[in-house]
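Shown next, in structure tokens, is the structure this report addresses.
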Amino acid sequence: MTDTMTSLERIEATIHFRKPDRVPVDLHNFQPAARATGLPMSEVFQNGELLAEAMLQAWRKFGHDMILLENGTACNAQACGLKVTYRDDMAPAAHDPIIKSLSEVADLEVPDPYTAFPMNEILKATRILSKEIGDKVWICARADQGPMDLSGQIRGLNEFMMDIGYGEEPELIHALLDYSRRVATRYAFALIECGGHSTSIGEPLGGPELLSPRHYKEYPWRHEKAMVDELKAAGIILHNHICGNTIPIIDDFIATGAQVLEIDHKTDMHIAKAHARGKTTLLGNIDTSILTYGTPQDVEDACRAAIDILGPDYGFILGPGCAMGPETPDDNIHALVESAKKYGVYR
Ligand SMILES: [Zn+2]
């Protein structure tokens, strides 16, 4: 069956629980897309024009419905003043916390995304993608690290986890989370102004594998919710991405109000669907190691299973559970995109 909607219409319908012609497909492919340009990944991730070109090249090759635009998991951290190392075989990494105690939060300033590097480059990439294909393809321009993740980078992961574990300075923990929320929110507004159709945050540190469900609810949750509320009031759609098995926090995760939840392969699809049905759109959750190391048939089998469970009643976007590895073979990406056309048609 041939498509009867544009990618943009398909995603729009899906997010609003209306019937699309078929399950839409997203690629979380900044790494393989950068690698495919033949340029050093470090160069692509620091240059908005190169990054936009990499995403366009990948879109022309695969024809997916949603583009996730980002340059890794250190963008907001760098804009806030952290040192970041750009590498040629993987995403950039932030290091060296910039505060030595929680009381220093009061001195931190929220960066202006239009001038702070590399946010300004990602805004440039958003404008280019919007101009080139924004009338037909959905562009999710990622606001990068959410409150929990950015706080962990600014304070240092171990230190921040100990702050939370001891819980001696809850007001200051909330002050840091609130600062990080304001950084991501201001950036999110700028991404939408530059042509993004939606935006997203990554909160891997908020997942049950690293943070207990009780601490998730006590600390990052209210800041994620505040971010959703502020964006929603302005008509902006936010995706929330938490890695690992999110079933232990599934109801709180849904209650953030984020219109899209990005779930990975460790999350039980039946339970996630039962809880999310009619409340939020699920995006995922194909195992990225199958995408990197499996055969196209393995990918197709995994996609078919995901569509069977998550596809009914709409509200589902097929995609990888997390960021695809740089060496994901083209044939496997084609298998992912084609599976939605083969198995995801709504009658
Ligand atoms: Zn992830």
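Scan region 257-298 residue by residue and report those that are in a loop (DSSP other than H, G, I, E, B) and within 16 Å of the ligand (Cβ to nearest atom). Let's see the steps before the verdict.
Narrowing region 257-298 to residues in a loop (DSSP other than H, G, I, E, B): 257-259, 264-268, 277-280, 287, 294-295.
Passing the criteria: 258, 264, 265, 266, 267, 287.
From the list 244, 196, which one is touching a Gly at 6+ places or on another chain (Cβ under 9 Å), more than 16 Å from the ligand (Cβ to nearest atom) and outside any helix (DSSP H, G or I)? Even if it seems obvious, please write down each step before you answer.
Details: 244 fails: more than 16 Å from the ligand (Cβ to nearest atom).
After ruling out the rest, the residue left standing is 196.
Which members of region 41-62 meet the condition of being buried (at least 16 other Cβ atoms within 10 Å of the Cβ) and either among the basic types (Lys, Arg) or in a loop (DSSP other than H, G, I, E, B) (or both)?
Within region 41-62, 45, 46, 47 qualify.
Quick grid of which residues meet (1) hydroxyl-bearing (Ser, Thr, Tyr); (2) away from the ligand (no atom under 16 Å from the Cβ):
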| residue | (1), (2) |
| --- | --- |
| 251 | no, yes |
| 325 | no, no |
| 328 | yes, no |
| 336 | no, yes |
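Identify the residue in region 292-335 that is closer than 18 Å to residue 241 by Cβ and among the aliphatic types (A, V, I, L, M) and, among all such residues, is surrounded by the fewest Cβ atoms within 10 Å (Cβ to Cβ).
Selected residue: 323.
Mind checking which residues of region 1-27 are out of contact with any helix residue (DSSP H, G or I) (no Cβ under 8 Å at 6 or more places or on another chain) and under 19 Å from residue 129 (Cα atoms)?
6, 7, 8, 9, 10, 11, 12, 26
Working only within region 140-156, note down all residues that are surrounded by 24 or more Cβ atoms within 10 Å (Cβ to Cβ) and either outside any helix (DSSP H, G or I) or in contact with a Gly (Cβ under 9 Å, 6 or more places away or on another chain) (or both).
Quick first cut of region 140-156, residues surrounded by 24 or more Cβ atoms within 10 Å (Cβ to Cβ) only: 140-155.
Result: 140, 141, 142, 143, 144, 145, 146, 147, 148, 149, 154.
Counting just the residues of region 183-206 that are under 14 Å from the mean Cα position of the chain (by Cα) and under 19 Å from residue 159 (Cβ atoms), which one comes out surrounded by the fewest Cβ atoms within 10 Å (Cβ to Cβ)?
204
Every residue in region 169-189 that is farther than 17 Å from residue 77 by Cβ and in a helix (DSSP H, G or I), please. Reasoning before the result, please.
To start, the set of residues in region 169-189 that are farther than 17 Å from residue 77 by Cβ comprises 169-175, 189.
Of everything in region 169-189, those that are farther than 17 Å from residue 77 by Cβ and in a helix (DSSP H, G or I) turn out to be 170, 171, 172, 173, 174, 175, 189.
To keep it simple, each residue is scored yes or no on (1) free of Cβ contacts under 8 Å to residues at least 60 places away in the same chain; (2) out of contact with any helix residue (DSSP H, G or I) (no Cβ under 7 Å at 6 or more places or on another chain); (3) over 29 Å from residue 91 (Cα atoms); (4) not polar (S, T, N, Q).
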{"residue": "275", "(1), (2), (3), (4)": "yes, no, yes, yes"}
{"residue": "290", "(1), (2), (3), (4)": "yes, no, no, yes"}
{"residue": "308", "(1), (2), (3), (4)": "yes, yes, yes, yes"}
{"residue": "313", "(1), (2), (3), (4)": "no, yes, yes, yes"}
{"residue": "317", "(1), (2), (3), (4)": "no, no, no, yes"}
{"residue": "329", "(1), (2), (3), (4)": "yes, yes, no, yes"}
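Determine which member of the set 201, 236 is among the β-branched types (Val, Ile, Thr), under 24 Å from residue 323 (Cβ atoms), part of a strand (DSSP E or B) and in contact with a helix residue (DSSP H, G or I) (Cβ under 7 Å, 6 or more places away or on another chain).
201
List every residue pair whose Cβ atoms sit under 6 Å apart, with the two residues 6 or more apart in sequence or on different chains, where the first one lies in region 198-224 and is farther than 20 Å from residue 265 by Cα and the second, anywhere, is of a type in the set (Lys, Arg) and surrounded by 22 or more Cβ atoms within 10 Å (Cβ to Cβ).
223/181
Within region 96-115, is there a residue that is touching a residue at least 40 places away in the same chain (Cβ under 8 Å) and closer than 20 Å to residue 28 by Cα?
For region 96-115, residues touching a residue at least 40 places away in the same chain (Cβ under 8 Å) and closer than 20 Å to residue 28 by Cα: absent.
Is it the case that some residue within region 95-105 is part of a helix (DSSP H, G or I), in contact with a strand residue (DSSP E or B) (Cβ under 8 Å, 6 or more places away or on another chain) and either more than 30 Å from residue 313 (Cβ to Cβ) or charged (D, E, K, R) (or both)?
First, the residues of region 95-105 that are part of a helix (DSSP H, G or I): 102-105.
Imposing the further condition that a residue be in contact with a strand residue (DSSP E or B) (Cβ under 8 Å, 6 or more places away or on another chain) reduces the set to none.
No.
Which numbered condition in (1) under 18 Å from the mean Cα position of the chain (by Cα); (2) within 15 Å of the ligand (Cβ to nearest atom); (3) surrounded by 23 or more Cβ atoms within 10 Å (Cβ to Cβ) is the only one that residue 211 fails?
(1)
Values in this text are rule-based calculations from the coordinates and carry no lab data. Nothing here was measured: the structure is a model prediction, and the numbers come from that model. Heads up, the Cβs are rebuilt from the backbone with ideal geometry, glycines too, and the neighbour counts pull from every protein chain shown.
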